[in-house]
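Q: Structure provided below as structure tokens; questions to follow.
The values are calculated or read from the model by the stated rules, or taken from the named source; none is laboratory data. These figures come from a predicted structure and were not determined experimentally. Cβ: placed from backbone, ideal geometry, glycine included. Neighbour counts: every protein chain shown.
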Amino acid sequence: MKDDLMLDLERKIEKTIYKATLALDENNWSGWFELCDETFTYAITSFSPEINKNMTYFSGDKKRTRRFDGHAAKAQHRSFTVT
């Protein structure tokens, strides 16, 4: 029984990752956000060797990050694909 539950959970995780990947590949930000849990947080960070510190350019929860959805759609015409 436990093995069946684990297998079911693994399939759900795989399906969610697959859906998220397709959504991002298609620039479907709304579809990607729908897959995110309400406790989702997102951050854009980098390490600066010049000052030897981690830097955070943006950090927010799902509600705060979601407002960028419309901006992403407007910026699509400037996006490109690396092949």
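Q: Filter segment 29-49 down to the residues that are part of a helix (DSSP H, G or I) and out of contact with any Lys or Arg (no Cβ under 7 Å at 6 or more places or on another chain) and list them by number.
A: The initial filter retains those residues of segment 29-49 that are part of a helix (DSSP H, G or I), namely 29-35.
Selection gives W29, S30, G31, W32, E34.
Q: Turning to a different aspect of this structure: Within segment 1-32, work out how many residues are at pLDDT below 85 and within 10 Å of the chain's Cα centre (by Cα).
A: Of the residues in segment 1-32, 1 are at pLDDT below 85 and within 10 Å of the chain's Cα centre (by Cα).
Q: Checking T65 against (1) at pLDDT 85 or above; (2) surrounded by 10 or more Cβ atoms within 10 Å (Cβ to Cβ); (3) assigned to a helix (DSSP H, G or I), which test does it fail?
A: Of the numbered conditions (1) at pLDDT 85 or above; (2) surrounded by 10 or more Cβ atoms within 10 Å (Cβ to Cβ); (3) assigned to a helix (DSSP H, G or I), the odd one out for T65 is (1).
For (1) touching a residue at least 60 places away in the same chain (Cβ under 8 Å); (2) among the aromatic types (F, W, Y); (3) not in a helix (DSSP H, G or I), each residue gets a yes or a no:
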{"position": "L5", "(1), (2), (3)": "no, no, no"}
{"position": "L9", "(1), (2), (3)": "no, no, no"}
{"position": "I13", "(1), (2), (3)": "no, no, no"}
{"position": "Y18", "(1), (2), (3)": "no, yes, no"}
{"position": "A23", "(1), (2), (3)": "no, no, no"}
{"position": "N27", "(1), (2), (3)": "no, no, yes"}
{"position": "I51", "(1), (2), (3)": "no, no, yes"}
